[in-house]
Each structure stands twice: as C-alpha cells, then as structure tokens.
Amino acid sequence: MKFFIDTANLDQIREAQAMGILDGVTTNPSLMAKEGITGATNILKHYVDICTIVEGDVSAEVISTDFDGMVREGEALAALHPQIVVKLPMIADGIKACKYFSDKGIKTNVTLVFSAGQALLAAKAGATYMSPFIGRLDDISTDGLALIADIRLIYDNYGFETQILAASVRHTMHIMDCAKIGADVMTGPLSAIKGLLKHPLTDIGLAQFLEDYKKGN
Ligand code: E4P
C-alpha cells in the first residue's frame, strides 16, 4: 500500500519524507490556499518545491473545467517536473482529458469520485489513480469504506490497472480499513499516518527496557 500525504505544507511533507515511508503527495486548490500559496506563479513554484522534497508522484490539480483548458493546464503542469501527476475533476470533460493524457503517457489522478460508476469511467479512461473521497462520504452518513470495497471488486473483476487512491482519509482507522479492503494508495494528513505508530504497550515496554538497562550498568 502506498502512503501519500494530503497537504501543501512543506514542513509536514519533509517530516513524512524523513520517516522513510512516504510514496507521494496529493494537493488541491483548498490545501494550497490553506498554506497561503496563491497566484499561478507561486502555485507552480510550490509544486516544484514539493517535488524536490519527495521521490514519488505529486498530484497537481487543474482548475479549468473545459477540455481545452484542462489539456492546456495539464500539459503545463506535467512539464514542470517528471513527478507531476495531472489531477482532473470527475466530470465529462475531465474524463475526456484523462483519456487524452493517458494516451500520451502522462500520469493522471481523477479526483472528486463519490460513486462506483464514476470509478468505472475513470478506469475506462485509463486513469493512473482514481480518488474516492471517503471522509466526505462519511460526513453525509454514507459509508465511504463500502465504496472502496465496491470499487476494489469492480476493478478486480476486469483487471483494471487504475490505482484506487483512498482520499479524504481523516484518521488512522481509515488507513487500516483501506489496507484491509485493498486500496492501492491512501492519502491523508500527517496526524493519521503518525497515529499508526501509537500503542501504549510499546511505550510501557520501551520504558521498562531502558529502566532495566540502567539497573545493569
Ligand atoms: C484528495 O486528493 C483530496 O485532496 C483530499 O483527500 C480531500 O480531503 P478532505 O475531504 O479532507 O478535504
């Protein structure tokens, strides 16, 4: 299972990278705005900064909603750095643009997926990644993890190679549940990733070992 961090915060990206478990980064316009990164020039520079920190794929989202605009923007994004993945919205023109980029060998991430039907379309268009937003489904009393399971079944039925990128992960148990279901990738906040480290018996056991070592020395 690949671990992506879902942020535009460079310190958090550096921290996750330093842990040695990071496979990539996802961003979106809201995450950029949260870090105060505004204006096309600054946003493009920020993507390159992220690419210099991590070794894996970095999703950069287009803001156009028409095919020509997405192609123009996506090509500019892809030209920024070899690690850039063009992130496209799950709308008709987004699917058309996904097919365009996948035919050209440019990696894509179809985002804002909320149904198995949308996931099927993204796979048909040759998406590299397809991002179902599980947390936002949970927010409206709909089972986000059940959607991941449905998509896993459908993709396995037909051998689709599109990777299921579980997005809108909010906490550590989301990561574990996605791993059990077989999501290829998860993207979440640093706090959810660090939550995997925690167990009180680890802390108690380590304290005991250190205490016993001191006794013998
Ligand atoms: C995915 O690529 C999105 O950036 C993200 O996971 C959205 O998460 P949120 O629902 O917590 O905003």
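The values are calculated or read from the model by the stated rules, or taken from the named source; none is laboratory data. The structure displayed is predicted, hence computed values, not measured ones. With ideal geometry, Cβ positions are generated from the backbone for all residues, glycine too; neighbour counts draw on all protein chains shown. The area values use the complete protein model at the heavy-atom level, side chains included, leaving out ligands, DNA and RNA. Shrake-Rupley method; radii C 1.70, N 1.55, O 1.52, S 1.80 Å.
Hey, what does the equivalent ellipsoid look like for region 1-93, semi-axes from the Cα gyration tensor as sqrt of 5 times each eigenvalue, largest first, whole Å?
Semi-axes from the Cα gyration tensor: 22, 14, 12 Å.
If amide H atoms are built 1.01 Å from N in the plane of the peptide, which residues on other chains or at least 5 residues away come under 5 Å of the amide H of residue 25?
5, 57, 58, 59
Measuring with a 1.4 Å probe in the full set of protein chains, what accessible area per residue, in whole Å², belongs to region 5-127?
For region 5-127, the solvent-accessible area averages 45 Å² per residue.
Starting from the alpha-carbon convex hull of region 34-86, give the projected area averaged over all orientations, in nm².
The orientation-averaged projected area of the Cα hull of region 34-86 comes to 3.7 nm².
Could you list, in their original order, any pairs among 34/198; 124/194; 107/180; 2/215; 2/99; 99/180 whose Cα atoms are separated by more than 32 Å?
Cα-Cα > 32 Å for 124/194; 2/215; rest within.
Output the relative contact order of region 95-182, whole-number percent, from Cα pairs under 8 angstrom with separation of 6+ residues.
28 percent
So what's the back-of-envelope 222 nm ellipticity for the chain, counting only DSSP H runs of four-plus at -39500 (n - 2.57) apiece and dividing by all residues, rounded to 500?
Result for the chain, helices only: -16500 deg cm²/dmol.
Loop by DSSP (not H, G, I, E, B), at most 12 other beta-carbon atoms within 10 Å: where is the longest site-free stretch of the chain for GluC sites (Glu not before Pro)?
With GluC sites (Glu not before Pro) excluded where exposed in loops, the chain gives 56-160 as its longest stretch.
Using θ = phi - 60° and the Karplus curve 6.51 cos²θ - 1.76 cosθ + 1.60, what whole-Hz ³J(HN,Hα) does each residue of region 27-37 get, with Gly and Pro shown as x?
Computed from phi, the couplings for region 27-37 are 9, 8, x, 5, 5, 5, 4, 4, 8, x, 8 Hz.
Residues with amide H under 5 Å of residue 62's amide H, sequence separation 5 or more or different chain, H placed in the peptide plane at 1.01 Å from N; which?
HN-HN under 5 Å from residue 62: 87.
Whose amide H sits under 5 Å from the amide H of residue 184, counting only residues 5 or more places off or on another chain, with H placed in the peptide plane?
164, 166
At 7 Å along Cα-to-Cβ for each site, give me the label-to-label distance between residue 81 and residue 154 in nm.
For the pair residue 81/residue 154, the computed spacing is 3.2 nm.
Figure the gain on full extension for residue 142 and residue 92 (residue separation times 0.36 nm, minus the Cα-Cα span) and round it to one decimal in nm.
Gain in length upon complete extension: 15.6 nm.
Rg to Rh for region 74-217: what is it, with Cα atoms only and Rh by Kirkwood?
Rg/Rh for region 74-217 comes to 1.17.
Which percent of the accessible area of the chain is formed by carbon and sulfur heavy atoms (probe 1.4 angstrom)?
57 percent
P(r) tail for region 140-199, what percent of Cα pairs lie past 17 Å?
39 percent
Using the alpha-carbon atoms, what tilt in degrees (0 to 90, nearest 10) does helix 10-19 show relative to the longest principal axis of the chain?
Compared with the principal axis, the helix lies near 60 degrees.
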